[in-house]
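Student: Okay, here's the structure, questions in a sec.
What follows is calculated from the coordinates using simple rules that are stated; it is not laboratory data. The model shown is predicted, which means the values in this text are computed figures rather than measured ones. Cβ: placed from backbone, ideal geometry, glycine included. Neighbour counts: every protein chain shown.
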Amino acid sequence: MSMAKRSALVGLAALGLASGQALAAPVSVSGTKPTANVKVLKPLQLSVVRNLNFGTIVMSSVTTNQTVRVAPAGRTCGTGPALTCSGTFSTAQYRVNGTNNQQVIISSSSPTYALTGSNGGSLTLTPTFPTSVTIDNSGNPGVLFEVGGSFVITPTTPDGLYSGTIDIQVAYQ
């Protein structure tokens, strides 16, 4: 056999071996096969039910910083006779709707918010709220949660109407 024929046969044999490997039978997983899982959730909806309201505060002889706080348990109006709180007060109330029995994380885009006074003053509101709630009803009414807060009145705080917005956010855990 000539050298050229022998080289051609070796080349064909190598080609056959390579193509034979490509045509090998597929192999299945032995034992338990993996599963695929996915949790599909309704989009969360957050709505305001009522605003945070501290009522009316009368400053008497404010000589030291006084903290005013509104929480679900009530209102605190500084210490001693420096401040008198009156009028209607309430926590802010939100309603969150989504998928039943899912935990929702509550957060705020900022740890504090500026309340701007009508006479040029400013108060720093620190909101308080639960860290999470569990949706116990996937339709209306969803679940309600409350947001309170506090701020400090100093001896130099000007009188006036103070207001600002709070940014509360929710997300599935």
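Student: Size of the dipole of the chain about the Cα centre, Lys and Arg at +1 and Asp and Glu at -1 on the beta carbon, nothing else charged, in debye to 20? Don't skip to the end; give the middle numbers.
Tutor: Working: 9 positive and 4 negative charges, 193 e Å.
It works out to roughly 920 debye.
Student: Let me ask something else about it. For the pair Ser132/Thr67, report the inter-label distance in nm, with labels modelled 7 Å from Cα in the Cβ direction.
Tutor: 2.7
Student: Continuing with the same structure: For the chain, modelled as a GNM with alpha-carbon contacts under 10 angstrom, which of Val40, Val62, Val152 fluctuates the most?
Tutor: Judging by the Gaussian network model, the answer is Val40.
Student: List the residues whose amide H sits under 5 Å from the amide H of Ser122, counting only those 5 or more places along or on another chain, with H placed 1.01 Å from N in the peptide plane.
Tutor: The list, which skips near neighbours in sequence, is Gly117.
Student: Sticking with this one: Eigenvalues of the Cα gyration tensor times 5, then square-rooted: what semi-axes does that give for the chain, in whole angstrom, largest first?
Tutor: 72, 22, 12
Student: Follow-up question, since we're still on this one. Under 5 Å between amide hydrogens, which residues at least 5 positions from Ile106 or on another chain qualify, with H placed 1.01 Å from N in the peptide plane?
Tutor: Result for Ile106 returns Ser132, Val133.
Student: Follow-up question, since we're still on this one. Given only helices, namely DSSP H runs of n ≥ 4 each adding -39500 (n - 2.57), what is the per-residue ellipticity at 222 nm of the chain, to the nearest 500 deg cm²/dmol? Mind dumping the intermediate values first?
Tutor: Numbers: 1 runs with 20 residues, N = 173.
Helix-only estimate at 222 nm: -4000 deg cm²/dmol.
Student: Determine, from the Cβ-Cβ distance of Thr165 and Ser60 and an R0 of 25 Å, the FRET efficiency 1/(1 + (r/R0)^6), rounded to the nearest 0.05.
Tutor: Here the calculated transfer efficiency is 0.25.
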